[in-house]
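Only one structure is covered here, and it is reproduced in the block below.
The values are calculated or read from the model by the stated rules, or taken from the named source; none is laboratory data. Quick caveat: nothing in here was measured; it's all calculated off a predicted structure. All Cβ positions, glycine included, derive from the backbone under ideal geometry; neighbour counts span all protein chains shown. We work out accessible area using only protein heavy atoms, side chains counted, and drop any ligands, DNA or RNA first. Shrake-Rupley method; radii C 1.70, N 1.55, O 1.52, S 1.80 Å.
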Amino acid sequence: MPPDTSHESLDSSPTRLRVGLFGAGLVGQAGHAPSLWEERERFDFVAVADASPSVRHSVAARYGVPHACATLEDALSLGLDAIVIAVPDPAHRGAVLTALDAGVHVFCEKPLALSLAECDEILAARGDLVVQCGYMKLYDPALQRMVERLTEGPVELVYLSVEVNDPDQAPFVDHLGLVVGRDVPQGLIDEMKDRGRRAVREALGAEPDAAQVRAFEAYLGSLVHDVSLAHHLLRALDVTAPLPTVDAAYFDGGRGVSLSWTLPGDGRAHLEHLNLPGVADYRERVTAYCRDRILELTFPSPYLRHHPTRLVERHSDGTVAGLETIDHRVSYEEAFRNELRAFHAAITTGVPVRASVEAARDDLAALLDGFRLAVSRHRRVA
Ligand SMILES: NC(=O)c1ccc[n+]([C@@H]2O[C@H](COP(=O)([O-])OP(=O)(O)OC[C@H]3O[C@@H](n4cnc5c(N)ncnc54)[C@H](O)[C@@H]3O)[C@@H](O)[C@H]2O)c1
């Protein structure tokens, strides 16, 4: 197996980067703050910035971070090398541009932005700085193994399926004792809501109803992970994204969303994301049905640390006795931590960014296409 060059060996003495965390809510506390602390050989975690005083002070205290800042600008004024952005989606564009303008490398949670125009602004401002999108699943070792198995020998992909049952985060983070900020200024909450709604209106060219707003959030906030995984696998097979969208739907009041593409050679891909808060189980299944093998990845909830993603491979010579099933147990590495190592490596050694702005833009293009098609089909049926 080729060595994974996406992050450095723990044995080397990496350059320590001064980093801040902007937005220390759910993913900030469940993913990034503990990972930055664990990666203290690579990152000097110097600032937590959050609009909520209780959140910024308690997270800074928990991880021994010297500065709790009210704004991104306050954190940047400390002289940072890099910033991890985990504020709500409508604040991403402004935060990324502000950080780039200050000459700081950027890691920004998904979705990188809410429109293609916002992605283009980020691309234009990036210069020589690193911008990485928060697609931690792309740094999961089991996904890496799946890519290797797909690219070993000529593989003919017939159908790619991604199916997710997602009950939201509560069952998987309740035990963590996360601090919820009930002291965010109301003006900021209203501003985020307004910006979010404006983005839906711009995408649709019309005033959205409540189900359409929910569907937009489900496409850009949830299905984005699935699209990025599918695009990553397809790129490994030299299939260029985004692909023609042949079907899309939103259902269950906008909580469920789906997307279908045609694949070269008359193949098909189908992605489906369900929100089922009544069932405390999370599974994301990514299955590649190829002419000579079936590869299936099953991701557990991303908030469960060191729960390995399962990769099962089935191949045969077509006979009953020839069927072989391999259960790959690849690693107990943590994807949230791996993506930060990769971010560090991109900054310090120039390793290309896997979760790049270009990739995030392709994902967004597919998601916006799907959203618009879903809305037009829903109108026709209604
Ligand atoms: N990679 C993943 O699996 C994953 C999981 C969850 C969320 N996310 C993404 O991370 C981002 C944050 O999501 P979350 O669920 O942690 O949200 P959250 O609401 O739990 O946390 C957001 C934090 O930002 C603060 N905040 C809100 N608006 C702000 C502003 N304008 N300026 C400064 N601080 C502000 C809030 O006080 C809060 O602490 C979103 O973009 C989301 O899509 C990614």
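Structural remarks
- Volume per residue of the convex hull around the Cα atoms, evaluated for the chain, comes out as 150 Å³.
- Counting only DSSP beta bridges whose two residues both lie in the chain, roughly 55 percent are antiparallel.
- A dipole drawn for the chain from +1 and -1 charges on Cβ atoms has a positive end, and of Leu204, Ser331, Tyr303 the residue lying farthest that way is Leu204.
- Per residue value of the accessible surface for the chain (all protein chains in place, 1.4 Å probe), Å²: 43
- Backbone geometry of segment 358-364 corresponds, through the Karplus equation with coefficients 6.51, -1.76 and 1.60 at θ = phi - 60°, to 3J(HN,Hα) couplings of 4, 5, 5, 5, 4, 5, 5 Hz, x marking Gly and Pro.
- The accessible-area ordering, largest first, of the residues Leu176, Leu223 stands as Leu176, Leu223, per a 1.4 angstrom probe.
- Where Thr15, Thr298, Thr240 fall by accessible area, highest first, once all protein chains stay in place (1.4 Å): Thr240, Thr15, Thr298
- For Ser13, solvent-accessible area (1.4 Å; no DNA, RNA or ligand), Å²: 110
- Square roots of five times the Cα gyration tensor eigenvalues for segment 17-135, Å: 22, 15, 13
- By accessible area, using a 1.4 Å probe on protein heavy atoms only, segment 284-340 has 51% of its surface on carbon and sulfur.
- Protein accessible area in segment 134-237, 1.4 Å probe - carbon and sulfur %: 50
- Over all other residues within a Cβ to Cβ distance under 9 Å of Phe299, the charged ones net out to +2, with Lys and Arg as +1 and Asp and Glu as -1.
- Unit charges on C-beta of K, R, D, E only; dipole of segment 109-192, Debye: 260
- Local charge for Gly318 was computed over the other residues whose Cβ lies under 11 Å away, with Lys and Arg +1 and Asp and Glu -1, and equals -1.
- Area accessible to solvent at Asp166, 1.4 Å probe radius, in Å²: 30
- Separation between Cα centres of segment 200-264 and segment 36-95, rounded to whole Å: 31
- Its relative contact order, with pairs defined as Cα atoms under 8 Å and 6+ residues apart, puts segment 223-382 at 23 percent.
- Simple Cβ-charge dipole of the chain, Lys/Arg +1 and Asp/Glu -1, about Cα centre, in debye nearest 20: 440
- The alpha carbons of segment 176-219 stretch over 39, 25, 13 Å along the principal axes, in descending order.
- Ligands, DNA and RNA excluded, the heavy atoms of Val173 present near 10 Å² of accessible surface to a 1.4 Å solvent probe.
- Size of electric dipole in segment 239-370: Cβ of Lys, Arg +1 and of Asp, Glu -1, about Cα centre, debye, nearest 20: 340
- Its alpha carbons considered, segment 108-242 gives a radius of gyration followed by a Dmax of 18.4, 56 Å.
- Over the chain: helical MRE at 222 nm, DSSP H runs n ≥ 4 each giving -39500 (n - 2.57), nearest 500: -11000 deg cm²/dmol
- List Lys193, Lys137, ordered by accessible area with a 1.4 Å probe, largest first: Lys193, Lys137
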